[in-house]
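Readers should treat all values here as calculations from the given coordinates under stated rules, not as data from a laboratory. The structure presented is a predicted model; accordingly, all values stated were derived computationally and were not measured. Cβ placement follows ideal geometry from the backbone for every residue including glycine, while neighbour counts extend to all protein chains displayed.
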Amino acid sequence: MITSANCLGIDDSHIVPVDEKVGLAQETKDSFCAMQQAAFQDGIDIQIVSGYRSFDRQLAIWQAKWEGERPLYSLDNQPLDYAILSELERLHSILIWSALPGASRHHWGTDLDVYDKKSVESSGEKFQLITPEYEENGVCFELNCWLSENANRFGFTRPYAHYSGGVAPEPWHLSYQPIAEQVVQNLSLDALAVQLQKSDIGGKELILNLLESLFVRYTLNQGKN
């Protein structure tokens, strides 16, 4: 049973190691390993780029972007001028590419980013985890096609497969639906608001005022409402 603290990324007791760098919920790990083996038999080497991420880790990413220490990009990957953005524009430009701390699906132990390690290494190209790499002629195109045909068999969906007004397309992002669906139904926005209120997150007042709509638009990826 995933608790509220687990969902917010402030307690990782639901996480087990996949390797020395990556952790997932046990059921997610088991299903991923089964899928990984099936893909390997088809010549696809699925490996994890990122799995569980804590609230503090997500907050560090957020703060670096909020303070202009990391670049901000538009939906079409064009760099934005931090100096001329309003707080609201800055907020949305971050959320297109990075989740709100406490509202990241990576807290849940159900979500992971994947790539085709063998294909990437044989290409000799620098891997960037960007959409063109998963499109036709990209190093992870075969993986993308394989996931479209097979991921559902192992309980995985791709919540950010298409842009709908929220998060930019992330064909690499998988979510273990049996657990993720339960989290979505039971996650408390009040608890999220309390956690954000206690934090030193940039744009706190604006975030809290818009919290419900931000959760629907970006975490659930249901676009503008």
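Spacing of the modelled spin labels on A83 and S188, each 7 Å from Cα toward Cβ, amounts to 4.5 nm. At each listed q (0.18, 0.22 Å⁻¹), what is the log10 of I(q)/I(0) that the Debye formula gives for segment 1-138 modelled as equal alpha-carbon point scatterers? Each listed q corresponds, in turn, to -1.12, -1.26.
Modelled this way, with points 7 Å down the Cα-to-C-beta line, the labels at L75 and T3 are 4.0 nm from one another. Taken along the Cα-to-beta-carbon direction at a fixed 7 Å, the label points for L220 and D12 span 2.9 nm. Per the Cα gyration tensor, segment 105-225 maps to an equivalent ellipsoid with semi-axes of 31, 17, 13 Å, ordered largest to smallest. Entry note: segment 1-42 has Rg to Rh equal to 1.09, where both radii use alpha-carbon atoms and Rh is the Kirkwood radius.
Name the shape class, rounded, prolate or oblate, that the alpha-carbon gyration tensor gives for segment 46-88, where a ≥ b ≥ c are the square roots of its eigenvalues, rounded holds for a/c under 1.5, and otherwise prolate holds if a/b is larger than b/c and oblate otherwise.
Because a/c hits 1.5 or more and a/b fails to exceed b/c, segment 46-88 counts as oblate.
The Kirkwood radius of segment 168-208, taken over pairs of alpha-carbon atoms, gives through the Stokes-Einstein law at 25 °C and 0.890 mPa s a diffusion coefficient of 195 µm² s⁻¹. Computed from point charges on the beta carbon alone (+1 for Lys and Arg, -1 for Asp and Glu), the dipole magnitude for segment 178-225 about its Cα centre is near 120 Debye. Think of the chain as having a plus end and a minus end, set by charges on the Cβ of Lys, Arg, Asp and Glu; of S4, T157, S98, S4 sits farthest toward the positive end of this dipole. Relative to the longest principal Cα axis of the chain, at what angle does helix 189-198 sit, 0 to 90 degrees, rounded to 10? In the chain, helix 189-198 runs at an angle near 70 degrees to the longest axis. Calculated [222 nm] ellipticity per residue, helices only, for the chain: -11500 deg cm²/dmol; basis is -39500 (n - 2.57) per DSSP H run with n ≥ 4, divided by all residues, nearest 500.
Taking the square root of 5 times each eigenvalue of the Cα gyration tensor, what semi-axes in Å does the equivalent ellipsoid of segment 111-180 have, largest first?
Taking √(5λ) for each Cα gyration eigenvalue gives 21, 14, 10 Å.
Since only A193, F141, Y176 are under comparison, the one whose Cα sits farthest along the positive direction of the charge dipole of segment 119-225, derived from C-beta charges on Lys, Arg, Asp and Glu, is A193.
Evaluate E = 1/(1 + (r/R0)^6) for A38 and L210, where r is the Cβ-Cβ distance and R0 equals 35 Å; express this FRET efficiency to the nearest 0.05.
Values: r = 41 Å, r/R0 = 1.18.
Approximately 0.25, to the nearest 0.05.
Quick check: the angle from helix 141-150's long axis to the longest principal axis of the chain, C-alpha only, nearest 10 degrees? With both axes taken from Cα atoms, the answer is about 90 degrees. The residue among P79, A34, Y218 whose Cα reaches farthest toward the positive pole of the charge dipole of the chain, with charges on the beta-carbon of Lys, Arg, Asp and Glu, is Y218. For the pair E121 and A60 in one chain, pulling the backbone fully straight at 0.36 nm per residue adds 19.0 nm over the alpha carbon distance.
Lysine pair count for the chain (Cα-Cα distance under 16 Å; residues 8 or more apart in sequence or on different chains): 5. The charge dipole of the chain, taken about its Cα centre with unit charges on the Cβ atoms of Lys, Arg (+1), Asp and Glu (-1) only, comes to about 380 debye.
Normalised by the number of residues in the chain, what is the relative contact order in percent for Cα pairs under 8 Å and 6+ residues apart? Could you put the intermediate results ahead of the total?
Working: 338 pairs, mean separation 50.9, N = 225.
Relative contact order of the chain: 23 percent.
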